[in-house]
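Heads up, the thing below is written out as C-alpha cells.
A short reminder: the numbers here are calculations on the coordinates, not readings from a lab. If you're wondering where the values come from, they're calculated on a predicted model, not measured in any experiment. Counting neighbours? That spans all protein chains shown, and the Cβs are built from the backbone with ideal geometry, glycine included.
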Amino acid sequence: MGRLVMKFGGTSVANIERIQNVARHVKREVDAGHDVAVVVSAMSGKTNELVEWCRAASPMHDAREYDAVVASGEQVTAGLLAIALQAIGIQARSWQGWQIPIKTTDAHASARIVGIDGSEIIKRFKERKEVAIVSGFQGIYEPTGRITTLGRGGSDTSAVAIAAAIRADRCDIYTDVDGVYTTDPRVVPKAKRMDKIAFEEMLELASQGAKVLQVRSVELGMVQNMPIFVRSSFDKPEDIDPHGTPPGTLICSEEEIVESQVVTGIAFSKDEAQISVRQIQDKPGVAAAIFGPLAEANINVDMIVQNVSEDGKTTDLTFTVPAADYTRAKDTIIKSKDHIGYARLDTATDVAKVSVIGSGMRSHAGVAAEAFQALADRKINIRAITTSEIKFSVLIDTAYTELAVRALHTLYGLDRD
Ligand code: ADP
Ligand code: ASP
Ligand code: MG
C-alpha cells in the first residue's frame, strides 16, 4: 500500500464522460489499496475563455479579480470529479486551494506556493479512506485572504506540492500524451518516448518551451526529491495493472539513469521577440543602462549578443524577451534613449528559439557546432545563440521552427526507427 497523487490536465477532464473515465482511474488505485489525492485542471479551453473574459471586461484589469475569475475553472472540475467518484462508490471530497489551505505569495496570476498543510487530507485517509480532490492552479494569500493562481499550467505545480505535503510515494501526471518525448510528438511524429529523464534535463526542456510540465513543478520535484511520472489518461482504466509498470516517463535524479545520452531532447518556443539596439557608444555602463530599466520593469531578458556595428566604430546589442513583454520592453528602451545613446532600434516578433538539451554536453565538445552546420545546410539563419552547461539555444525565423527541430532531432539520432 502506498500514497499517491494523481493529476489530470484539461483534456483529461474535458467533458463529463472523461471525468467519469478519470473517476475509474482513481477507483483502480483506491481498489489497489492506495491513499489517493487527486489534483485537477479546468476543462480544456476553460481557462483561456476565462482569461479572455477578463480582457474583454477591461484590458487593464485588477490581478486579484483576474485570479478570482480564472480560479473558478478548477473549482468546477474538482466538484464534478467528487460527484463522479461518489457515484461509483468511492468516498471523495473536493478541496479548493483556500480550504486546505495552499498558501502562496501575493504575486497574483503568478504566485508561488509557500506552504501546504496536508494534515487534514492525511487524517481523512486514515479515518475514512477518503479521496481528496484538490483544485489545481490556485491558492490563497493568507494575509489578505484573497484567491491566487500559480501561472498558466500551474496545476502540475499544485500536484507536486500536494505530493510533498502529504509525503506521497509518487506524483502521477496524467495527460494527453503517454510520457515525455525527445521533442513535442505533435511536431515530430518520429519523437521517442523516454522511460526516464533527469530532473535537471526536464527542467531545461520545460523552461525552453516543452509545456508538458510547468517549470516550477519540476523545480519542486527536484528540491523535494519527489518522483514524477508522466503518463496518459486515455488508456482504459480497466486495462491497467495497478501493480505493473504502465507506459510513461519517470522524472528522477540523475543517478537513477543508467544509459545517459549526449543529447536528450529538443524544445522550442515561438513566444519570443528580438530587440536590437544599434550603434551604441562602446563604453562602460552601456549594458547597465539598457538592462537596468528592463529589470526594473520586471522584464526577463533571455539571449544577449553584442557585436560591432556596421560602421566599425560603435557596438550593437541584441537581446530577446518573451513576446508578451515585447511592447513594454521596446517602450522602456525608447524612453531611455538619451541615457543609453543609440542610433536606432530594429525589432522582430516572428522569431523562435530552438534549444538542444543533454547532460552529456558537460563532457562532449562540438555538440553545438554540428547543429550550426546542419542549420546552415538548410539555409536557416541563426540570429542569436546562447549556451549553458547542458543546453544551447538558437534564435531563428519562426517559419523555420519545425524544419530546424526535425533536422536537429535527426542529427542527434533521436528519431524512432
Ligand atoms: P495538460 O492539459 O494535461 O496539462 P498540456 O497541454 O499542458 O497538458 O501538456 C501536454 C502537451 O505537451 C502535449 O499534448 C504535447 O503536445 C506537449 N509537449 C511539448 N513538448 C513535449 C514533449 N517533449 N513530450 C511530450 N509532450 C510535449
Ligand atoms: N487551467 C490552468 C491553465 O490552463 C492550469 C493548468 O491546466 O495547469 O493554465
Ligand atoms: Mg499542462
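So the values come out like this:
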| quantity | calculated |
| --- | --- |
| Whether region 183-226 is rounded, prolate or oblate, judged on the alpha carbon gyration tensor where a/c under 1.5 counts as rounded | prolate |
| Estimated distance in nm for a label pair at residue 144 and residue 339, the labels positioned 7 Å out from Cα along Cα-to-Cβ | 2.8 |
| Folded to 0 to 90 degrees: helix 155-165 orientation relative to the chain principal axis, Cα | 60 |
| Rounded tilt (10° steps) of 119-128 against the dominant C-alpha axis of the chain | 30 |
| Percentage relative contact order, region 1-72, counting C-alpha pairs under 8 Å, at least six apart | 36 |
| Interatomic Cα distance distribution for the chain, bins of 20 angstrom, percent | 25, 52, 21, 2 |
| Rg over Rh, two decimals, region 116-273 (C-alpha only, Kirkwood Rh) | 0.99 |
| Centre separation in Å (Cα based) which lies between region 330-407 and region 46-64 | 32 |
| Cross-link pairs 46/236; 27/103; 335/391; 335/379; 211/379 - those with Cα-Cα distance over 31 Å | 335/391; 335/379 |
| Relative packing of peptides 142-148, 89-95 - highest average C-beta neighbours within 10 Å first | 89-95, 142-148 |
| Tail fraction, Cα-Cα pairs, region 64-163, threshold 24 Å, whole percent | 20 |
| Viscosity 1.567 mPa s, 4 °C: Kirkwood-radius Stokes-Einstein D of region 3-151 over Cα pairs, µm²/s | 83 |
| Hydrodynamic radius of region 130-177 per Kirkwood, over alpha carbon pairs, in Å | 12.0 |
| Tilt relative to the chain, helix 46-57 - C-alpha long axis, 0 to 90 degrees, to 10 | 60 |
| Cα pair distances exceeding 14 angstrom across region 190-251, given as percent | 61 |
